[in-house]
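The values are calculated or read from the model by the stated rules, or taken from the named source; none is laboratory data. Keep in mind the model is a prediction, meaning the values are calculated, not measured. So basically every Cβ, Gly included, is an ideal-geometry build from the backbone, and we count neighbours across all protein chains shown. These accessible areas exclude ligands, DNA and RNA; they are computed on the full protein's heavy atoms, side chains included. Shrake-Rupley method; radii C 1.70, N 1.55, O 1.52, S 1.80 Å.
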Amino acid sequence: METRPVTGQEAAVLSGGPADGLRMRVTDRPWVIQVTYLCEVEGRPDGVRAEALYIYRRDAGVKSEPLLYGFDIASP
């Protein structure tokens with residue numbers, strides 16, 4: 001459990017899954033990062049779109065930058 005509040009931006013990297021190696025900046029160390037990819041849809045009605053959803057969870061053992069987020073294979 002973290003004992004101090006963390007504020008501001010920190011470097012983070014995603015590990016595994018479709019966004020493996022993606023680097024970003026996060027604010028306040030979120031526990032979960034959601035990555036979406038737009039999917040092609042044939043014959044779609046106006047305004048309808050489909051996205052693939054992938055979840056990455058923060059590795060609590062990593063205490064300094066870059067924070068590490070691992071792919072959750074059980075994500076929806």
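To keep it simple, each residue is scored yes or no on (1) under 19 Å from G8 (Cβ atoms); (2) open to solvent by less than 50 Å² (accessible area, probe 1.4 Å).
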| residue | (1), (2) |
| --- | --- |
| A19 | no, yes |
| I33 | yes, yes |
| G47 | no, no |
| E51 | no, no |
| R58 | yes, yes |
| G70 | no, yes |
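Close Cβ contacts (under 7 Å, 6 or more residues apart or on different chains) running from residues in the stretch 37-50 that are farther than 21 Å from A19 by Cβ to residues that are charged (D, E, K, R) and surrounded by fewer than 10 Cβ atoms within 10 Å (Cβ to Cβ) comprise V41/R49. With respect to the conditions (1) at pLDDT below 95; (2) out of contact with any Leu (no Cβ under 8 Å at 6 or more places or on another chain), P66 falls short on a single one, namely (1).
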